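Just below is one structure, and these are the notes that go with it.
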Amino acid sequence: MVRLNVISISVPDKLLGEIDSYVEEHGFANRSEIVRQALRTFMTEDKSLREIEGEIVATVTMIFERNARRDLISDIQHRYGDITSTFLHTHIDEDHCLEVVVVKGEADTVRKLVDALKTNDQIVQMKVAMLDRSKLLTK
């Protein structure tokens, strides 16, 4: 039997309610199991980003609160302006904005951008989708 360690995390009431609903709707045994699964998914995606090399194309999609200090996110994006191809900003509801940033460059530089955004507490959710340009087939 695998030894399980106890950790403690703090989450807002709204998120806890969403977790509890998800646990019930999707048949997870308990909160711990859904958190373990989320951590595994996060680390697997991060590992994929860490292992890719060469020039890549990626989209970085993020949601942040509309009243967030936009300058903090913008500063990060400007630091990596040399790999940014384009971006889209839209209001998804009264309280949240969504941005999609398309980047093209060396995997190491894209990783640095993603790391800077991941640690920004202004961002509520973020998803990175990568394409390895070396895998493109020519006709």
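Throughout, read-outs are computed from the coordinates displayed, never taken from laboratory work. Note that the structure is predicted; figures quoted are calculated from it, not measured. Glycine also receives a Cβ, built like all others from the backbone with ideal geometry; neighbour counts cover every protein chain displayed.
Using the count of nearby Cβ atoms within 10 Å as a rough guide to exposure, how do Phe28, Phe64 rank from fewest to most?
Exposure proxy ranking, most exposed first: Phe28, Phe64.
Can you check what the net charge comes to around Val6, using other residues whose Cβ is under 13 Å from the Cβ of Val6 (Lys, Arg +1; Asp, Glu -1)?
+3
Can you tell me the FRET efficiency between Glu94 and Ile19 if r is taken as the Cβ-Cβ distance and R0 is 22 Å, rounded to the nearest 0.05?
Plugging the Cβ-Cβ distance into 1/(1 + (r/R0)^6) gives 0.40.
Between the helical axis of 107-118 and the dominant principal axis of the chain, each derived from Cα atoms, what acute angle in degrees is found, rounded to the nearest 10?
Its long axis makes an angle of about 50 degrees.
With charges set only on the Cβ (+1 for Lys and Arg, -1 for Asp and Glu), what does the dipole of the stretch 1-123 come to about its Cα centre, in debye to the nearest 20?
Roughly 380 debye for the stretch 1-123.
Hey, what did the chain get for relative contact order, percent, Cα under 8 Å, at least 6 apart?
Value for the chain: 29 percent.
Kindly provide the helix-only [θ] at 222 nm of the chain, computed as the sum of -39,500 (n - 2.57) over DSSP H runs of four or more divided by all residues, to the nearest 500 deg cm²/dmol?
-13500 deg cm²/dmol
Quick check: pseudo-label points 7 Å beyond the Cα along Cα→Cβ at Ser74 and Asn30, how many nm apart are they?
Those two pseudo-labels are separated by 4.7 nm.
Select from His78, Thr41, Ser8 the residue farthest towards the positive end of the dipole of the stretch 1-103; place +1 on Cβ of Lys and Arg, -1 on Cβ of Asp and Glu, and compute about the Cα centre.
Going by the Cα projections, it comes out as Ser8.
If I take R0 = 22 Å and measure r between the Cβ atoms of Arg3 and Gln37 in this structure, what FRET efficiency does the formula 1/(1 + (r/R0)^6) give, to the nearest 0.05?
0.75
In which sequence would Leu4, Leu39 go, from the one with the fewest C-beta neighbours within 10 Å to the one with the most?
Lowest count first: Leu4, Leu39.
Taking the stretch 1-94, which trypsin sites (Lys or Arg not before Pro) meet the DSSP loop condition and have no more than 14 other C-beta atoms within 10 Å?
Qualifying residues, ordered by number: Arg3, Arg66, Arg69.
What is the sum of charges, Lys and Arg at +1 and Asp and Glu at -1, for the other residues whose Cβ falls under 12 Å from the Cβ of Tyr80?
-1
With a ≥ b ≥ c taken as the square roots of the eigenvalues of the C-alpha gyration tensor of the chain, please select rounded if a/c is under 1.5 and otherwise prolate if a/b is larger than b/c or oblate if it is not?
Oblate, since a/c reaches 1.5 and b/c is not below a/b.
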